[in-house]
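Q: After the structure tokens below, expect a handful of questions from me.
Bear in mind these aren't lab numbers, they're just calculated from the coordinates by the rules spelled out. Small disclaimer: the values here were computed from a predicted structure and weren't measured. Glycine also receives a Cβ, built like all others from the backbone with ideal geometry; neighbour counts cover every protein chain displayed.
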Amino acid sequence: MKLYLVMAKRKENFPADVVGAHKDFLVNLKMESQLERTGSFSDGSGGAYVLKNIDSLEQAKAIVAKDPLVLRDASELTVYEWNTPG
């Protein structure tokens, strides 16, 4: 199974009110069986999530483009195809 790692780094002008919409976005991904794991960085600078059941890097990027963190220009999100052992 291919996995896609999404790294989110908060921008300087990060609006705190985007967090709820972002969490709702992640809940929807989980309900669609596309979210493997998610978490925030302990220093508050951002977080990451892992997508699964995605056909390609392009599809993963298209999904991430709908994340409220992107739509509100709150964070810089980078998507990687993630090779994991096993």
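Q: Report the calculated FRET efficiency for A21 and Q59 (r = Cβ-Cβ distance, R0 = 22 Å), to the nearest 0.05. Working shown, then result.
A: Numbers: r = 22 Å, r/R0 = 0.98.
The value I calculate is 0.55.
Q: So, R0 is 25 Å and r is the distance between the beta-carbons of N13 and S40; what FRET efficiency does that work out to, to 0.05? Please report the intermediate quantities before stating the final value.
A: Values: r = 18 Å, r/R0 = 0.73.
That gives a FRET efficiency of 0.85.
Q: I've got another one for you. Express the relative contact order of the chain as a whole percentage, based on alpha carbon pairs under 8 Å and six or more residues apart in sequence. Kindly include the intermediate steps, with their values, before the conclusion.
A: On the way: 136 pairs, mean separation 41.0, N = 86.
RCO, the chain: 48 percent.
Q: Using +1 at the C-beta of Lys and Arg and -1 at the C-beta of Asp and Glu, which of V19, S33, G46 has the Cα lying farthest in the positive direction of the dipole of the chain?
A: Of the candidates, S33 comes out farthest on the positive side.
Q: Helix-only estimate, please: 222 nm mean residue ellipticity of the chain, summing -39500 (n - 2.57) across DSSP H runs of length 4 or more and dividing by its residues, to the nearest 500. Walk me through the intermediate numbers first.
A: Details: 3 runs with 25 residues, N = 86.
Computed mean residue ellipticity for the chain: -8000 deg cm²/dmol.
Q: Quick one: how many lysine pairs does the chain have with C-alpha atoms less than 20 Å apart and a gap of 8 or more or different chains? Give me the count, please.
A: Total qualifying Lys-Lys pairs in the chain comes to 17.
Q: Against the longest alpha carbon principal axis of the chain, how many degrees, from 0 to 90 and to the nearest 10, is the axis of helix 19-31 turned?
A: Helix 19-31 sits roughly 20 degrees off the main axis of the chain.
Q: Indicate the gyration tensor shape class of the chain (rounded, prolate or oblate), computed on the Cα atoms with a ≥ b ≥ c the square roots of the eigenvalues: a/c under 1.5 is rounded; otherwise a/b larger than b/c is prolate and the rest oblate. Working shown, then result.
A: Values: a/c = 1.80, a/b = 1.58, b/c = 1.14.
The shape class here is prolate.
Q: Another question about this same structure. Placing unit charges on C-beta atoms (Lys and Arg positive, Asp and Glu negative, everything else neutral), compute the dipole magnitude of the chain about its Cα centre in debye, rounded to 20.
A: On the way: 11 positive and 12 negative charges, 24 e Å.
About 120 debye.
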